[in-house]
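Here's the structure we're looking at; comments come further down.
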Amino acid sequence: MKKKILLILIVVFLIISLAFVYLNKVVLPEKLKLFVTQRLQEQTNKTVELESLQLNIFKGLVLRGLEIYDDKQTFLKLKEADCGFLIFPFFKKRIVIPSVTLRNLTLFLERKDDKALNIMQLFMPGQDAKAKTQESKFNIFIYKIAVVDSRIEFKDKSIIPEFTKIIDNLDLTLRLSVPADIKFNLRADILSGSEKTKLAALGIYKVIEKEIQAKVSCNNLLPKEFSAYYPYSRISAGDGYIDIFTNLIIKEGKIKFSGTVDIKKLDILGIEIIENVDDIQGRVNFDNEGIMANKLTADILQIPVEISLKISGFKEPVLEADITAQKIGLNNLNNIIKDKFKFVIPGEFSGEAGLSLKIESDLPLTGPLPISGYLDIFAARLNLENLNFPLENISGRVIFSPDLVKWPDLSFRYGTTDYKMQGSLIDFQAPQVAVAFSSKELYLDCEFGIKDKTLRFTKFNGRYRNSDFSLNGMIDITDSFSWPSDLSAKGKIDLKDLSSIFAQFKDSLDKLKPSGIVNADIRLAGDIKDIKSCAIQADLTSSSLSIYGLKGNDFSAQYLQKNNLVDIPLLRLALYDGILEGSLSMNLSAEHFPYIIEGALSGVKLEKLKLDTAIKDKDIAGVIEAKAKVNATIENLSRLSGTGSIAITEGKIWELDLLKGLGKLIFSKDFTNIIFEKGNCSFVIQDKTIYTDSINMQSEFVSLDGPVKIGFDGSLDAALGVHIDEDKSPLTGTFKDITTAIIGQAEKFGTIHITGTVKEPQYKFKTSAVDIIKSLKDRFLGQ
């Protein structure tokens, strides 16, 4: 019995083997291969080539070397496909295939100019194919489809330049799941040169609900590889990677999605004004409502920043972004302002600041990027050209928008003085600036515009201490080394403020002790950076002023400057019932600014002048007439030199410190107060002294003459000859009176040497022996 069963099995095996061989050698290679090829050609209307079709005891039906193409392109190549099937359902007109495996499939996917995919042509059968499909009585069931180690070569001809991309190592599995679902799993690599982007998808298709649920991820994606598809053509991606994770639900033609994008050192290029955003890192969340991100980090203009981002809606998207930087080094701020806003600050910043930017705009962008925000400055420093000291401790907030910058409360220190400033700048192409700043001593309010590198003042009013001023005109700032200007100014200048305004001449001005209000009307033309070379005309007037404590009124003068030369052709001042007239010329190109002053004094009453001097209590009077010409330098008065003359008439000058006590030295008590009615001399100024060899003072019966030297330090050296008129010499009966009477007959009584200082003179008397002996002889002999 066992032998019979064994024999039967051997026979069955031989029959099956013969059938298997027959199928592989006759049926499959010829009939079924031809049938499959024809059906595919009818279905696709393309040329189909099939290398072989065989039955494998382990794999089932094996198809090798399938290629579908036409005269223009190849659609797919398949190295091998296999599928197993169940025999018994076949007799019930059901084809049950547990699995289909496609190995080394290459799909040539192409998007044409009309944006249609070439693969769609494979699913547009002719009428014959439709008729044969309808006649089929078999139901086909496939439980699993697997695509292994395959490839998609994609080409998009609908855009310029043409886009190509290869998806390699593609593994895709589709399988039926209870009750009526299809699960899928995909893995692939998107090639970008030597880089690989990992693509994965896992999901399910619910057949009854007609709903797809999927989770899709994409790791190490290079956005710049897809820049051709960005909807906003001005903006593109640079270097960097992103990881995308998405949850998808597709139902009834609607897509619901949400997910995240992890950004890794991504650069965004082509943004208005700032150009690039570099090294973006962080997570972006997205869904059907829009895109949102918090605390992205990036570098903008080489400044580390933190970004919060929101894009609302996709049909009419609106962008909102907040960008903050906690600390910004201000060293390169000048270059940023110059390069991005085309505005030049003539100086260098240092210090730190905090930055906050806000962007709100509809997408796509149709104009300049609307950036607004503010800059908080912390104790910064600004070195400006042509200023003696830097601006220090700069603190406050600067607010800006695409066409506006304003600083409502800015403070800084210049030198030892603290200032507050507020202002605004409108329109960076043709800036209009309004600025006001103040300190304890200064207030300034000005408005000006800059167009074609020309600065024009429309308002410039200020006050410094007790001086008021205003200005208008233009400055050409085209060349940083030279600023041609045309300016006019008016002011009411308190002369006490000059030593602060012109600090370099403070010592000289303090000695002058100027006071009073001078009205100035000034016109300037030339390079304001080289003020000495400018052409200046200034008309000056004052109702009253004072210099060296001497008061005057009805002052007028004209200041002219051209080619580094100063000329004051006429200066006029009324003082003490008289007139002072003078002129000045100065060379500004020479060292220490040498100048020449010429002046004339007439009709000045000494009894009024003394009231404004230290000798106001002295019993002196007279009318002064004087003239002088002096050479000096503004920085060194010790080099002063010159000549002049002075005359006093109707005088009473005996009580001057210089003459005090001479009467007591010579005469009796009743005649110590001698009234000198006239006096005159010519003098020379040189070597820090005033010198005369011809001083002459006359009273009713006494005259003085001789040389006098007075130093700038007040030192005194004089030798005055004393002459007495005999006819007018009185006699009172005392011994000194007799001496006086005797001496009175002499032509020259003697010489008085005066030394010490003007305030504390010292006297030595030396008689003239020859004249005294002659007088005694005449007195006693009666001759």
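Points worth noting:
- Just one of the listed residues (Ser227, Ser258) is closer than 30 Å to Gly313 by Cβ, polar (S, T, N, Q) and touching an Asp or Glu at 6+ places or on another chain (Cβ under 9 Å), and it is Ser258.
- Test: residue in region 629-647 that is in contact with a Cys (Cβ under 8 Å, 6 or more places away or on another chain), in a strand (DSSP E or B) and not small (Gly, Ala, Ser): yes
- Every test in (1) out of contact with any helix residue (DSSP H, G or I) (no Cβ under 9 Å at 6 or more places or on another chain); (2) in a strand (DSSP E or B) is passed by His592 save one, and that test is (2).
- Extreme residue, modelled with the lowest pLDDT, among residues of region 120-165 that are of a type in the set (Val, Ile, Thr) and loosely packed, with under 15 Cβ neighbours inside 10 Å: Thr133
- Among the candidates Leu355, Leu375, Leu365, Leu387, residue that is under 17 Å from Ile273 (Cβ atoms) and either of a type in the set (Lys, Arg) or at pLDDT below 80 (or both): Leu365
- Selection status of Asp521, among the acidic types (Asp, Glu), within 30 Å of Glu385 (Cα to Cα) and modelled with pLDDT of 95 or more: yes
- Test: residue in region 221-242 that is part of a strand (DSSP E or B), among the β-branched types (Val, Ile, Thr) and more than 36 Å from the chain's Cα centre (by Cα): no
- Remark: Leu76 matches the filter, which requires a residue to be modelled with pLDDT of 75 or more and of a type in the set (A, V, I, L, M).
- With a requirement of 2 or more residues that are aliphatic (A, V, I, L, M) and touching a helix residue (DSSP H, G or I) at 6+ places or on another chain (Cβ under 7 Å), the strands (runs of 3 or more DSSP E) lying completely within region 533-576 that satisfy it span 535-547.
- Scanning region 664-704 for residues that are modelled with pLDDT of 80 or more and either within 60 Å of the chain's Cα centre (by Cα) or over 24 Å from Glu607 (Cβ atoms) (or both) yields Ser682, Val684, Ile685, Gln686, Asp687, Lys688, Thr689, Ile690, Tyr691, Asp693, Ser694.
- Residue check for Ile597: among the aliphatic types (A, V, I, L, M) and either at pLDDT below 90 or closer than 26 Å to Leu565 by Cβ (or both): yes
- Looking across region 582-628, just one residue is touching a Phe, Trp or Tyr at 6+ places or on another chain (Cβ under 7 Å), more than 30 Å from Gln698 (Cα to Cα) and in contact (Cβ under 8 Å) with a residue 40 or more places away in the chain, and that is Met586.
- For Lys459, the test of being in a loop (DSSP other than H, G, I, E, B) and at pLDDT 90 or above is failed.
- Residue in region 607-626 that is farthest from the chain's Cα centre (by Cα), counting only those that are surrounded by 17 or more Cβ atoms within 10 Å (Cβ to Cβ), in a helix (DSSP H, G or I) and not aliphatic (A, V, I, L, M): Glu607
- Selection count where residues are of a type in the set (Lys, Arg), free of Cβ contacts under 8 Å to residues at least 60 places away in the same chain and under 30 Å from Leu269 (Cα atoms), scope region 202-249: 1
- Counting only residues that are in a loop (DSSP other than H, G, I, E, B), in contact (Cβ under 8 Å) with a residue 12 or more places away in the chain and of a type outside the set (A, V, I, L, M, F, W, C), region 409-431 holds 4 of them.
- Matching residues, region 466-525, being assigned to a strand (DSSP E or B), out of contact with any Asp or Glu (no Cβ under 6 Å at 6 or more places or on another chain) and among the basic types (Lys, Arg): Arg523
- Test: residue in region 327-343 that is within 21 Å of Ile280 (Cα to Cα), modelled with pLDDT under 85 and in contact with an Asp or Glu (Cβ under 6 Å, 6 or more places away or on another chain): yes
The values are calculated or read from the model by the stated rules, or taken from the named source; none is laboratory data. Computed from a prediction, not measured in an experiment: that's the story for all the values here. Cβ: placed from backbone, ideal geometry, glycine included. Neighbour counts: every protein chain shown.
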